[in-house]
Each structure stands twice: as structure tokens, then as C-alpha cells.
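The values are calculated or read from the model by the stated rules, or taken from the named source; none is laboratory data. Remember, predicted model here, so these are calculated numbers, not experimental data. Neighbour counts run over all protein chains shown; Cβ positions are idealised from the backbone, glycine included. Side chains are part of the model used for accessible areas, which takes the heavy atoms of the whole protein and leaves out ligands, DNA and RNA. Shrake-Rupley method; radii C 1.70, N 1.55, O 1.52, S 1.80 Å.
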Amino acid sequence: AGKDLANPLATILSAAMMLRYTFSDEANAVRIENAVRKALVQGYRTVDIYSDGCKKVGCAEMGSAVAESL
């Protein structure tokens, strides 16, 4: 805890699932999924999914990358 190492993508994608299945808001669910996809395509990776050639970031920076992609 407090090390900025966690991967926030599962939580972010859970919000997309909530929008889709609880609120029937497909459009915003897709927007969130596309934002996550864009951050990954741009090479952002937390330590648990990092591979050579990618940008290793912490939880906060990954969340920011997804938010900026929205």
C-alpha cells in the first residue's frame, strides 16, 4: 500500500461494466473501454504487465493516461 504500484485497469473496466449492465449505458461503457485500449496502445504499463519497450508507470499515471484518453 502507498507505493503507487497497483494496476487500476480492472477497477476502471469494472466501471464500464457497471455502466453497461446496471445502467444500460452502452455508449459510455464503450468510451471507457476505448480509453483503456488507447492507453495500452500508447505503451503505458504498470509493473505487473510491463514488457520491454513499454512505458512503466505507476497507478496514478496509468489512471491519468486513461482519463486523458477519454
Once phi is turned into θ = phi - 60°, what whole-Hz ³J(HN,Hα) does the Karplus curve with 6.51, -1.76 and 1.60 give for every residue of the stretch 7-18, x standing for Gly and Pro? 8, x, 5, 5, 5, 4, 5, 5, 5, 4, 5, 4
Read phi for every residue in the stretch 54-60 and hand back ³J(HN,Hα) as whole Hz from Karplus 6.51 cos²θ - 1.76 cosθ + 1.60, θ = phi - 60°, with x for Gly and Pro. 9, 9, 6, 10, x, 4, 4
What does a probe at T11 reach in the stretch 39-65, counting residues whose amide N is under 20 Å from the point 7 Å along Cα→Cβ? 39-40, 44-50, 56-65
Leaving out ligands and nucleic acids, and using a 1.4 Å probe, what accessible area per residue does the chain come to in Å²? 65 Å²
Amide H contacts under 5 Å for Y44, restricted to residues at least 5 apart in sequence or on another chain and with H modeled in the peptide plane, are K55
For the chain, what is the relative contact order in percent, using Cα pairs closer than 8 Å and at least 6 residues apart in sequence? 37 percent
In 5 Å bins starting at zero, report the fraction of Cα pairs in the chain per bin as a rounded %. 4, 19, 26, 22, 15, 9, 5, 1
If one compares the long axis through the Cα atoms of helix 26-41 with the longest principal axis of the Cα atoms of the chain, the angle in degrees, nearest 10, works out at 10 degrees
Tally Lys and Arg at +1 and Asp and Glu at -1 over the other residues with C-beta under 15 Å from the C-beta of S69: what net charge comes out? +2
